[in-house]
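Down below is the structure, laid out as structure tokens.
The values are calculated or read from the model by the stated rules, or taken from the named source; none is laboratory data. Quick caveat: nothing in here was measured; it's all calculated off a predicted structure. Note: ideal-geometry Cβ built from the backbone for every residue, glycine included; neighbour counts use all protein chains shown.
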Amino acid sequence: MTTILKLLIVIILSQALPALAQETPLLVPQVLNVYPHDSSAFTQGLLWDGGALYESTGLWGQSSLRRVDLETGEPEASIALADTYFAEGLERVGERLIQLTWQAGLAFVYDFETLVRIDTLEYEGEGWGLCYDGRYLFMSDGGSHLSIREPESFQLIFRGAVTLEGQVLPPQLLNELECVGEQIYANAWNTDYIFRIDKFTGVVTAVIDASALLTAAERDSLSNGSVLNGIAYNNESETFYITGKNWPKLFEVVFIEP
């Protein structure tokens, strides 16, 4: 195991590493393309579908649902939420878009084509990240667990812990999610890391270090809280789009060994 990964795990878990036969690999993003990103967008959820990006942006009084042109970073359509809602994760299920809210216990449902709100779903606890594997929705709530939900009713089916090197992750870590095959990619909140998680076992199968995406000058220009957040997967190109809250850039990447 690399020194960087050892340090990361020590910092995250705040305890000594257990001795394991298998070691968690460290990956890094290889940048293929760089696109502009609206630096006013406090990115909470990111989705690629039908040749466009869909973005959920947060903050009180600034939350929105957007369809975004990849090449320009400009919204093609935007729906503002009421000031009382702080938007979070976003996912498509059939012809619907489902957008979480942070503390309201509500998920807003929109028609995929028109972005007209057509329904509201209820849940207990906080809403953070959301992704869909074609059968179930997976949801994070700001803790160390992922929930599995029925996509139509949003009914809770199961809630299980995510583990790294045999230890349950600490709370307030799992954020934006993206389902890709048998894996779930999750932003580690307030860090430059992404976890790749086995969706069947909850075991972290890789840690992705995205700390080199922005230059030092770009980082210095960001406001407090403008951290890595936003993962979308393009099935056709088999590439990822990743960005951060109020970042000026969006990166198209693949994850490779350093």
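At a glance:
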read-out: Region 201-225 - residue that is in contact with a strand residue (DSSP E or B) (Cβ under 9 Å, 6 or more places away or on another chain) and part of a loop (DSSP other than H, G, I, E, B) and, of those, farthest from Asp38 (Cα to Cα); value: Thr201
read-out: Neighbours by Cβ (under 7 Å, 6+ apart or cross-chain): first from region 166-182, small (Gly, Ala, Ser); second in a loop (DSSP other than H, G, I, E, B); value: Gly166/Pro18; Gly166/Leu20
read-out: Odd one out for Lys245 among (1) under 15 Å from the mean Cα position of the chain (by Cα); (2) surrounded by fewer than 18 Cβ atoms within 10 Å (Cβ to Cβ); value: (2)
read-out: Boolean, Thr201 is under 17 Å from Thr163 (Cα atoms), loosely packed, with under 14 Cβ neighbours inside 10 Å and of a type in the set (Ser, Thr, Tyr); value: yes
read-out: Sole residue being in contact (Cβ under 8 Å) with a residue 24 or more places away in the chain and more than 18 Å from the chain's Cα centre (by Cα), chosen from Ser144, Ser153; value: Ser153
read-out: Residues located in region 163-189, provided they are in contact with an Asp or Glu (Cβ under 7 Å, 6 or more places away or on another chain) and surrounded by fewer than 17 Cβ atoms within 10 Å (Cβ to Cβ); value: Glu182
read-out: Residue, surrounded by the most Cβ atoms within 10 Å (Cβ to Cβ), within region 91-126, restricted to residues that are among the hydrophobic types (A, V, I, L, M, F, W, C) and in contact with a Gly (Cβ under 7 Å, 6 or more places away or on another chain); value: Leu100
read-out: Selected residue (only one of Asp192, Asp209 is of a type in the set (Asp, Glu), more than 14 Å from the chain's Cα centre (by Cα), crowded, with 18+ Cβ neighbours inside 10 Å and farther than 24 Å from Ala107 by Cα); value: Asp209
read-out: Listing of strands (runs of 3 or more DSSP E) fully contained in region 64-136 that carry 1 or more residues being hydroxyl-bearing (Ser, Thr, Tyr); value: 64-68, 75-80, 96-101, 106-111, 117-122, 130-132
read-out: Meets criteria (closer than 16 Å to Glu126 by Cα and more than 18 Å from the chain's Cα centre (by Cα)) for Leu222; value: no
read-out: Count of residues meeting criterion [at pLDDT 85 or above and out of contact with any Gly (no Cβ under 7 Å at 6 or more places or on another chain)] in region 24-54; value: 21
read-out: Whichever residue in region 24-49 is assigned to a loop (DSSP other than H, G, I, E, B) and touching a residue at least 40 places away in the same chain (Cβ under 8 Å) and, among such residues, is surrounded by the most Cβ atoms within 10 Å (Cβ to Cβ); value: Ala41
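Each row is one residue, and each column tells you yes or no for (1) touching a residue at least 60 places away in the same chain (Cβ under 8 Å); (2) touching a Phe, Trp or Tyr at 6+ places or on another chain (Cβ under 8 Å); (3) charged (D, E, K, R); (4) under 19 Å from Glu152 (Cβ atoms).
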| site | (1), (2), (3), (4) |
| --- | --- |
| Ala82 | no, no, no, no |
| Ala87 | no, yes, no, no |
| Arg96 | no, yes, yes, yes |
| Gly105 | no, yes, no, yes |
| Glu122 | no, yes, yes, yes |
